[in-house]
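Quick note: the coordinates plus some simple rules give every number you see, no bench work behind them. Being a predicted model, the structure only gives us computed values, none of them experimental. Every residue, glycine among them, receives a Cβ derived from its backbone with ideal geometry; neighbour counts consider all protein chains shown.
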Amino acid sequence: MIKRRISEYVLFFWVYAVIGWIYEVVLEVFIYHWGFSNRGVLFGPWLPVYGFGATVFLLLWYRLIKGKKASHKLLMLPAVFLLTMATATLIELATSYLCEWIMGSWPWQTYADYAINFQARIALSPSIRFGIGGVVFLYVIQPVLDLLVSKMKDRTVMVTAAVIVTVLALDLAYTAFIR
């Protein structure tokens with residue numbers, strides 16, 4: 001049972017890392033009109049920070065609404081928004097320091113031009129978007145993923161997770177040592 005649960009979290013991590021990459025590319029191409037570039041720090045179409053953030057949301061905040069009545073979920077919406085906003089902002093801040101330490105800079109734009117920012121690493125506007133994203137993840141996407149994964153056999157979940165971990169490890173090795 002524990003192997004399956006860990007494997008499910010690997011699947012969730014990967015799905016949200018891909019969704020995060022798609023979100024960043026859509027912003028870059030269609031909203032900001034900067035043109036396409038691979039927004040990830042890795043070669044593949046995934047942003048691990050989104051997968052990590054969503055996994056943290058699942059571990060910390062999903063229990064506040066999972067399996068609860070609609071009225072309870074509605075009452076919890078402002079709290080879930082604020083909790084995911086704060087969590088994502090702290091993750092982004094910590095990630096900026098980690099990336100700067102490892103790579104010399106962080107791989108996303110600075111927020112220097114944003115009215116309310118801290119060291120150009122985090123800003124209010126993206127934090128609000130992260131809170132909205134957290135609500136969408138936990139209220140809309142995760143229940144669908146829970147349903148889909150619950151229909152999968154244990155072996156399928158574990159093999160899929162193993163493939164994902166292998167692909168991500170190969171991508172990390174490629175990015176770190178070859179690219």
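Would you calculate the separation in nanometres between label points at Gln119 and Ala94, each defined as 7 Å from the Cα along the Cα-to-beta-carbon direction?
Output for this residue pair reads 1.4 nm.
Would you kindly calculate the mean projected area, averaged across all directions, of the convex hull enclosing the Cα atoms of the range 75-133, in square nanometres? Each step should come with its number before you reach the end.
On the way: hull surface 16.0 nm².
Mean shadow area of the hull around the Cα atoms is 4.0 nm².
Loop only by DSSP, 11 or fewer other Cβ within 10 Å of the Cβ. Give me the chymotrypsin sites (Phe, Trp or Tyr not before Pro) in the range 29-67 that pass, ordered by residue number.
Details: sites: Phe30, Tyr32, Trp34, Phe36, Phe43, Trp46, Tyr50, Phe52, Phe57, Trp61, Tyr62; in loops: Tyr32, Trp34, Phe36, Phe43, Trp46, Trp61.
Here the sparse-neighbourhood loop sites are Tyr32, Trp34, Phe36.
What does the charge count around Ala94 come to, taking other residues whose C-beta lies under 14 Å from its C-beta (Lys +1, Arg +1, Asp -1, Glu -1)? Provide the component values of the computation, followed by the final result.
Numbers: positive: Arg121; negative: Glu92, Glu100.
My count for the surroundings of Ala94 gives -1.
Apply the Karplus curve 6.51 cos²θ - 1.76 cosθ + 1.60, θ = phi - 60°, to the phi angles in the range 147-162 and return the couplings in whole Hz, x for Gly and Pro.
With coefficients 6.51, -1.76 and 1.60, one gets 5, 4, 5, 5, 8, 7, 6, 3, 4, 4, 4, 5, 5, 4, 4, 5 Hz.
Using helices alone, what [θ] at 222 nm do you get for the chain, with -39,500 (n - 2.57) per DSSP H run of 4 or more residues, divided over all residues and rounded to the nearest 500? Spell out each step's value before the answer.
Working: 6 runs with 118 residues, N = 179.
Dividing the helical sum by the residues of the chain leaves -22500 deg cm²/dmol.
Would you mind calculating the relative contact order of the range 2-171 from Cα pairs under 8 angstrom and at least 6 residues apart, reporting the percent as a whole number?
Values: 170 pairs, mean separation 46.2, N = 170.
27 percent.
By how many nm would the segment from Thr110 to Phe30 lengthen if fully extended, with 0.36 nm per residue of separation less the alpha-carbon distance? Mind showing how you got there, number by number?
Details: separation 80, 0.36 × 80 = 28.80 nm, distance 1.95 nm.
The span from Thr110 to Phe30 would gain 26.8 nm if fully extended.
Taking amide hydrogens as modeled 1.01 Å from N in the peptide plane, which residues meet the under 5 Å criterion relative to Leu47, leaving out close sequence neighbours?
Val18, Gly20, Trp21
Give the dimensionless ratio obtained when the Cα radius of gyration of the range 1-97 is divided by 2.2 N^0.38 Å.
On the way: Rg = 15.4 Å, N = 97, 2.2 N^0.38 = 12.5 Å.
Cα Rg divided by the expected 2.2 N^0.38 Å: 1.23.
So, how do all the Cα-to-Cα distances of the range 2-171 break down into 10 Å bins, in percent, from 0 on up?
Percent of pairs per bin, in order: 10, 34, 36, 17, 2.
What ³J(HN,Hα) values, in whole Hz, does the Karplus curve 6.51 cos²θ - 1.76 cosθ + 1.60 give for the range 57-67 when θ = phi - 60°, with x put for Gly and Pro?
With the stated coefficients, the range 57-67 comes to 4, 4, 5, 8, 10, 4, 4, 5, 10, 4, x Hz.
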